[in-house]
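Below is one structure, written out as structure tokens; comments come after it.
The values are calculated or read from the model by the stated rules, or taken from the named source; none is laboratory data. These figures come from a predicted structure and were not determined experimentally. Neighbour counts are summed over all protein chains in view; Cβ atoms, including those assigned to glycine, are modelled from backbone coordinates with ideal geometry. Please note that ligands, DNA and RNA were not included when accessible areas were found on the heavy atoms of the full protein model with its side chains. Shrake-Rupley method; radii C 1.70, N 1.55, O 1.52, S 1.80 Å.
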Amino acid sequence: MSIVTVQLGQCGNQIGFEVFDALYSDSHCPQGLCSKRENEVYQASCKERFFSEEENGVPIARAVLVDMEPKVINQTLSKAAQSGRWKYGQHSCFCQKQGSGNNWAYGYSVHGPRHEESIMNLIQKEVEKCDCLSGFFIIMSMAGGTGSGLGAFVTQNLQDHYSNSLKMNQIIWPYGTGEVIVQNYNSILTLSHLYRSSDALLVHENDAVHKICAKLMNIKQISFTDINQVLAHQLGSVFQPTYSMEGSYHYRRNPLGELMENLVPHPEFKMLGIRNIPQMSENSLAYSTFTWAGLLKHLRQMLISNSKMEEGIDWQVRPPLSGLPTLGKVSLNRELHFNTSIANLVILRGKDVHSADLGGFKDPALYTSWLAPVNAFNVWKTQRAFSKYEKSAALVSNSQFLLKPLDTIVGKAWNMFASKAYIHQYTKFGIEEEDFLDSFTLLEQVVASYCNL
């Protein structure tokens with residue numbers, strides 16, 4: 001089954017390129033630590049999901065590129081074409097001459113309706129090339145104008161036109177220090193609209209990815225390309241093929257559907273985060289060896305202590321004792337900053353993968369009381385190694401990991417809204433105070449729901 005990717009705005013297009021490049025590079029990597037036959041099946045499975053074939057044999061990304069300024073799209077198209085390995089379709093882009101000026105309302109209320117037909121036609125053409133559509137993967141930022149405002153509008157349209165297809169939005173959470181004065185407004189409007197029209201929000205925080213580049217990858221001058229390559233690695237480690245069941249060598253056909261089924265048991269809880277282990281520079285990798293027991297011990301502690309990377313994990317955080325009454329469990333959680341999960345999916349890739357013991361992730365104390373571990377925890381595996389790692393693990397988690405950042409953004413936006421700061425920039429494009437209040441109400445409910453796990 002195929003996934004159509006929609007890349008929106010500068011952020012979405014730059015990340016989208018790195019994602020397709022990572023997927024292609026990995027699937028054509030000769031050191032997959034598996035037989036030639038298995039490697040060919042893996043390649044074919046990746047291709048069916050993300051690429052379509054052109055006559056001359058160069059794979060074409062199943063993607064639609066949208067931006068209101070031509071510069072980034074032109075750069076993205078030429079980078080893909082110059083790689084000589086894969087490219088974007090000739091007629092898969094939509095761009096204009098004027099951006100949204102970081103104004104969410106302009107992207108949503110002006111660019112959206114004005115260009116709706118052209119954008120939806122491009123998406124429809126891409127969908128028609130798929131034998132079987134699994135769903136849409138929409139890459140966008142949360143804090144700008146085009147990616148966030150137009151992104152929310154396009155997602156809503158996809159919900160209207162393709163109500164039976166799954167929609168996953170990969171959203172980039174802005175730096176806490178701020179890039180744009182109105183980023184908190186843009187963020188709450190984006191999140192509240194996506195909560196109504198998307199099936200799942202896969203969130204990456206710029207601050208966390210920046211730390212990974214600095215601490216784990218040892219990059220001194222961190223660029224957006226470095227950050228986007230870390231994101232692409234994390235996404236590839238989730239979306240590349242895995243076996244459909246234990247002991248089987250058939251790859252699962254519908255990763256998007258199974259991902260949602262495993263991780264989003266209730267529409268109130270749609271926030272997903274990714275953690276990866278190991279992640280390191282090529283130089284460090286040459287001197288490192290890994291065991292499944294060591295990797296999974298670290299990954300589990302990253303989950304329960306809400307650490308985004310393996311360096312600086314707080315080993316003091318422990319799961320609450322399962323026998324405690326609920327009230328005791330909640331107050332204990334607060335005290336220890338324990339990260340309660342609704343559902344977790346671990347994806348293992350590499351050597352001796354069937355020997356990995358995942359018992360630590362099946363502990364009922366890790367999960368909310370209304371979902372048993374048997375329903376809350378899943379694992380996907382393949383012996384085919386990912387990227388340059390002999391053994392690697394990814395964790396996709398629906399947990400309380402975003403509670404603090406979400407609460408902070410809602411609080412900051414509310415403080416600005418209470419003094420009516422910059423509201424006129426939104427009302428003149430049709431986003432009324434009522435829309436802001438609706439967004440605050442919805443997100444405060446989301447915060448309360450995650451808080452009460």
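Quick one: putting +1 on the C-beta of Lys and Arg, -1 on the C-beta of Asp and Glu, what dipole do you get for region 404-452 around its Cα centre, in Debye to the nearest 20?
About 260 debye.
Please list, in chain and number order, the residues 5+ apart from F338 or on another chain whose amide H is under 5 Å from its amide H, with Hs placed from the backbone.
Those lying under 5 Å, H to H, from F338: there are none.
At a 10 angstrom cut-off on C-beta neighbours, averaged per residue, how do the peptides 363-375, 260-272, 101-113 rank from highest to lowest?
Numbers: 363-375: 15.2, 260-272: 18.2, 101-113: 22.8.
Taking the mean over residues of other Cβ atoms within 10 Å, the ranking is 101-113, 260-272, 363-375.
Leaving out ligands, DNA and RNA, and with a 1.4 Å probe, what % of the accessible surface on region 2-272 is carbon or sulfur?
Values: 5070 of 10490 Å².
Looking at region 2-272 in its full context, I get 48 percent from C and S.
State, in angstrom, two size descriptors of region 2-272 derived from its alpha carbons: Rg to one decimal place and Dmax to the nearest whole number.
Using the Cα atoms of region 2-272, the pair Rg, Dmax is 18.0, 54 Å.
Would you please give the FRET efficiency between N56 and S223, computed as 1/(1 + (r/R0)^6) with r the Cβ-Cβ distance and R0 = 30 Å, to the nearest 0.05? Intermediate results must be reported in sequence, preceding the final value.
Numbers: r = 33 Å, r/R0 = 1.09.
So, using R0 = 30 Å, E works out to roughly 0.35.
Let's test the formula: R0 of 60 Å, r as the Cβ-Cβ distance of A81 and D314. What FRET efficiency results, to the nearest 0.05?
0.85
Expressed as a rounded percentage, what relative contact order does region 109-204 have, with Cα pairs under 8 Å and six or more residues apart? Working shown, then result.
Values: 119 pairs, mean separation 31.7, N = 96.
Once divided by the residue count of region 109-204, the mean separation gives 33 percent.
Arrange the peptides 123-134, 182-193, 343-354 so that the one whose residues have, on average, the most other Cβ atoms within 10 Å appears first. Can you show the working numbers first?
Values: 123-134: 15.6, 182-193: 25.4, 343-354: 20.8.
The peptides rank, most packed first, as 182-193, 343-354, 123-134.
Starting from 0.36 nm per residue, how many nanometres of slack lie between N74 and T289 once their C-alpha separation is accounted for?
Details: separation 215, 0.36 × 215 = 77.40 nm, distance 4.14 nm.
Length gained, N74 through T289: 73.3 nm.
In region 191-258, which trypsin sites (Lys or Arg not before Pro) are in a loop and have at most 12 other Cβ atoms within 10 Å, using DSSP for the loop call? Write out the running numbers ahead of the final one.
Details: sites: R196, K211, K215, K220, R252, R253; in loops: K220, R252, R253.
Sparse-neighbourhood loop trypsin sites (Lys or Arg not before Pro): K220.
Quick check on the chain: what does the Kirkwood estimate of hydrodynamic radius come out to from the alpha carbon pairs, in Å?
22.5 Å
Whole number please: convex hull volume per residue of the Cα set in region 295-447, in Å³? Walk me through the numbers before you get to the answer.
Working: hull volume 27.4 nm³, N = 153.
That works out to 179 Å³ per residue.
Taking Cα pairs under 8 Å and at least six residues apart, what relative contact order does the chain come out at, in percent? Don't skip to the answer; put the middle values down first.
Working: 820 pairs, mean separation 75.5, N = 453.
Contact order relative to length: 17 percent.
Based on alpha-carbon centroids, what's the gap between region 22-75 and region 387-441 in Å, whole number please?
When both Cα centres are located, 32 Å separates them.
Quick one: net charge around M309, please, counting Lys, Arg +1 and Asp, Glu -1 for every other residue with C-beta under 10 Å from its C-beta. Write out the running numbers ahead of the final one.
Details: positive: K211, K215, R275, K308; negative: E310, E311.
Result for the neighbourhood of M309: +2.
How many Å² of accessible area per residue for the chain, probe 1.4 Å? Numbers along the way, then the final one.
On the way: 18730 Å² over 453 residues.
Value for the chain: 41 Å² per residue.
Over the chain, what is the percentage of antiparallel beta bridges among all DSSP beta bridges, to the nearest 5?
Numbers: 18 of 55 bridges.
Counting DSSP beta bridges with both partners in the chain, the antiparallel share is about 35 percent.
For region 404-452, which whole-number percentage of the solvent-accessible area (1.4 Å probe, protein heavy atoms only) is attributable to carbon and sulfur atoms? Can you show the working numbers first?
On the way: 1380 of 2650 Å².
Answer for region 404-452 is 52 percent, counting heavy atoms of protein chains only.
Taking the Cα centre of region 2-272 as origin, sum charge times position over the Cβ atoms of Lys and Arg (+1) and Asp and Glu (-1), and report the length of that vector in debye to the nearest 20. Don't skip to the answer; put the middle values down first.
Details: 21 positive and 26 negative charges, 81 e Å.
Roughly 380 debye, rounded to the nearest 20.
Based on the Kirkwood radius over alpha-carbon pairs, what is the Stokes-Einstein translational diffusion coefficient of region 125-173 at 37 °C with 0.692 mPa s viscosity, in µm²/s?
On the way: Rh = 11.5 Å.
Estimated diffusion coefficient is 285 µm²/s.
Provide, in order from the shortest bin, the percent of all Cα-Cα pairs of region 404-452 in each 5 Å bin, continuing until the bin that contains the maximum pair distance.
Histogram of Cα-Cα distances, whole percents per bin: 5, 20, 28, 23, 14, 7, 3, 1.
Rg and Dmax of region 1-119 over Cα atoms: what are they, in angstrom?
Every Cα atom of region 1-119 included, Rg and Dmax give 16.4, 53 Å.
In what sequence, largest accessible area first, do T382, T177, T225 appear using a 1.4 Å probe? Kindly include the intermediate steps, with their values, before the conclusion.
On the way: T382 0, T177 130, T225 60 Å².
So, going from the largest accessible area down, we get T177, T225, T382.
Would you kindly work out the equivalent ellipsoid of region 123-211 from its C-alpha gyration tensor and give its semi-axes, the square roots of five times the eigenvalues, largest first in whole Å?
Values: eigenvalues 137, 37, 21 Å².
Over the Cα atoms of region 123-211, the ellipsoid semi-axes are 26, 14, 10 Å.
What are the chymotrypsin sites (Phe, Trp or Tyr not before Pro) within region 277-314 that DSSP puts in a loop, where the Cβ has at most 14 other Cβ atoms within 10 Å? Let's see the in-between values first.
Details: sites: Y287, F290, W292; in loops: Y287, F290.
The qualifying sites are Y287.
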